[in-house]
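The values are calculated or read from the model by the stated rules, or taken from the named source; none is laboratory data. None of these values were measured; they are calculated from a predicted model. Counting neighbours? That spans all protein chains shown, and the Cβs are built from the backbone with ideal geometry, glycine included. The accessibility values were calculated without ligands, DNA or RNA, using every heavy atom of the protein model including side chains. Shrake-Rupley method; radii C 1.70, N 1.55, O 1.52, S 1.80 Å.
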Amino acid sequence: MTIPFRALAAPLLLVVLGALAPPALAQSRAPQPPRPAAPAPDSQRLLRALEDAFVSVADRATPSVVNVSVKVKREARPESGASPEMEERFREFFGPELFERFFRRQAPRDEGRAAGSGVMVDPRGYILTNNHVVENATEIEVRLSDDRKFKAALVGRDGRTDLAVLKIENPAGPLPVADLGDSDRLRVGQWAIAIGNPFGLDRTVTVGIISATGRTHVGVATYEAFIQTDASINPGNSGGPLLNLDGRVVGINTAIVSSGQGIGFAIPINMARDIMTQLINRGKVVRGWLGVAIQDLSPELAASLGVKEDAGALVAAVMKDGPAAAAGLRPGDVIVEFGGSAIKDVPDLQKRVAAVEPGRAAPVTVMREKKTVTLSVKIGEQPPDDAMEAEAGDEILGLTVEPLTPETARQHRLAARSGLLVTEVAPGSAGAAAGIRPGDAILEVNRGPVGDAAAFRQAVAGLKPGKSVPVYLQRGGGANEYVMLTAPRP
């Protein structure tokens, strides 16, 4: 059958024209993708409910968050040490501006100012904040959300947990008070809301989750069981509250990992509540005391002592005339049970001993030369920090150290925000032989963080003569390096 040419021509022409059509024309005729569907009503209601919950927490808790401003006494700048004639030559050579800035004798600086956060927890005017916010304060001022300002008295502070309690003097009118929650009931994954004054930005609200609970070995305090959160915490947030979705305080924001993002730590409110009660009622914190220097077990130590790595705390030193010495504990013992409960690590033992009322006897089970020995220890009262420092001596292997603060970090051009500042190095000492210099910051000893002199002393207490541990330093200017610190031979 023959098909007429004209019958084919029309369809063929349409096909050719279609192929040659401009792209815009072809696209205009292409089918359009469907528009995204609007959120389902149920999803909208869920998001709206969550939004309302955050707003409710902010409305409820923000009035109780206070700005804590302190006056800090600064040290005098060192003198040049040059004679008046030499100073005049310096002036001529460097010019008046550089001379005044770097060489002239300086009078003590005026008092500086520092700021942090706090939370009102009692209608009588009591405020919880961090110890590091107020420890060097000569004067404390508190500003409320309604811009009322009050002088505040320091009721007490506890450096071992980094907590402090303030009290407003003569408040006029009612005070906004936060509700306290139960930090023991926190679960990983719960919402967390942080409120504080980062970088002077009053009452900033940030949201995240509870990332972890019971964090230890952070290196911030002696007694640690931190709540970890990714709710944004920045300098100035210290002392502010961490809240749950009910608007109840579950923690006191304390520290951040400066080299990371979304890693902040808060002191559990149950711990803070106990410390606050003791500071208000007693003016100090009373803890049980064993009188030993202890350290965690490394895999090598655990194997050599015949114990599990996560089952006990090694006694590195026994303090003379302390409770442990009286009970017969020895260096090299591994404490595996205290008060009838198994001991996991150093923080676990510290927490259990601290909770015992001084004067009470407690059974202690140790592994000694791969044999089990049970002793009875009459728990003592933990001495204050300065008494423990005096007992142990001012130097550790020739190094005089003090906790690193933001102020001293700035003075020595250190980026670190935690650790120990080396203030003196004894000539010919182990510290000098390791190349450690005044102005260095000790960040880690034997791969563990050190936040105070006691932690440093504990880390090196078990060193035998001639043995070494790695020490992680930050030099002035920010360069980090490892050195080996070796215990001197007799």
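Expressed as a whole percent, the accessible surface of the range 399-484 that belongs to carbon and sulfur atoms is 50, based on a 1.4 Å probe.
Quick one: go through the range 194-238 and flag any residue whose amide nitrogen is under 17 Å from the point 7 Å out along the Cα-to-Cβ line of Asn480. Zone members listed by number: 218-220. Taken as Cα centroids, the range 301-339 and the range 440-471 sit 18 Å apart, rounded to the nearest whole angstrom. Remark: the range 227-238, residue by residue, has Karplus-estimated 3J(HN,Hα) of 7, 9, 9, 9, 4, 4, 10, 10, x, x, 6, 3 Hz, where x stands for each Gly or Pro and the curve is 6.51 cos²θ - 1.76 cosθ + 1.60 at θ = phi - 60°. The string of couplings for the range 51-56 from the Karplus curve (6.51, -1.76, 1.60, θ = phi - 60°) is 4, 4, 5, 5, 4, 4 Hz, one whole number per residue in order, with x for Gly and Pro. FRET efficiency for the pair Lys149 and Ala433, taken as 1/(1 + (r/R0)^6) with r the Cβ-Cβ distance and R0 = 35 Å, rounds to 0.10. Estimated at 0.36 nm per residue, the fully extended path between Arg489 and Gln44 surpasses their Cα-Cα distance by 153.0 nm. Segment Thr423..Glu139, full-extension length gain: 99.6 nm, with 0.36 nm per residue of separation and the alpha-carbon distance subtracted. The trypsin sites (Lys or Arg not before Pro) found in the range 169-278 that occupy coil by DSSP, while having at most 12 further C-beta atoms within 10 Å, are Arg187. Highest mean first, the peptides 348-355, 376-383 sorted by other C-beta atoms within 10 Å per residue fall in the order 348-355, 376-383. Ranked by the mean number of other Cβ atoms within 10 Å of their residues, highest first, the peptides 188-198, 305-315 fall in the order 188-198, 305-315.
Applying 1/(1 + (r/R0)^6) with R0 = 41 Å to the Cβ-Cβ distance of Asp246 and Lys71 gives a FRET efficiency near 0.65.
Put simply, the convex hull of the Cα atoms in the range 115-255 casts, on average, a shadow of 8.1 nm².
Between amide H atoms placed 1.01 Å from N, distances below 5 Å from Lys344 occur with Gly312, Leu349, all of them 5 or more places distant or on a separate chain. Taking every protein chain into account, the 1.4 Å probe leaves Met271 with about 50 Å² of accessible area, to the nearest ten. Note on Glu309 and Ser376: the model spin-label points, each 7 Å out from Cα along the C-beta direction, lie 3.8 nm apart. Extension gain, Ala53-Gln190: 0.36 nm per intervening residue step, less the Cα-Cα distance, totals 48.0 nm. With the simple model of a label 7 Å out from the Cα in the direction of the Cβ, Asn281 to Thr408 spans 3.4 nm. Applying 1/(1 + (r/R0)^6) with r as the Cβ-Cβ distance of Ala326 and Lys351 and R0 = 22 angstrom yields a FRET efficiency of 0.45.
Volume per residue for the range 352-465 equals 148 cubic angstrom (convex hull of Cα atoms).
Computed over protein heavy atoms with a 1.4 angstrom probe, the accessible surface ordering of His412, His217, largest first, is His217, His412. Taking 29 Å as the limit for the C-alpha separation, the pairs Lys370/Lys464; Lys378/Lys467; Lys167/Lys320; Lys149/Lys284; Lys284/Lys378; Lys71/Lys320 exceed it in the case of Lys378/Lys467; Lys167/Lys320; Lys71/Lys320.
Highest mean packing first, where packing is the average number of other Cβ atoms within 10 Å per residue, the peptides 480-488, 162-170, 361-369 line up as 162-170, 361-369, 480-488. Annotation: per residue accessible area for the range 156-276 equals 40 Å², rounded to a whole number [probe 1.4 Å, protein chains only]. 3J(HN,Hα) along the range 148-163, derived from phi through the Karplus expression 6.51 cos²θ - 1.76 cosθ + 1.60 where θ = phi - 60°, amounts to 5, 10, 9, 6, 10, 9, 7, 6, x, 9, 10, x, 6, 10, 6, 10 Hz, with x in place of Gly and Pro.
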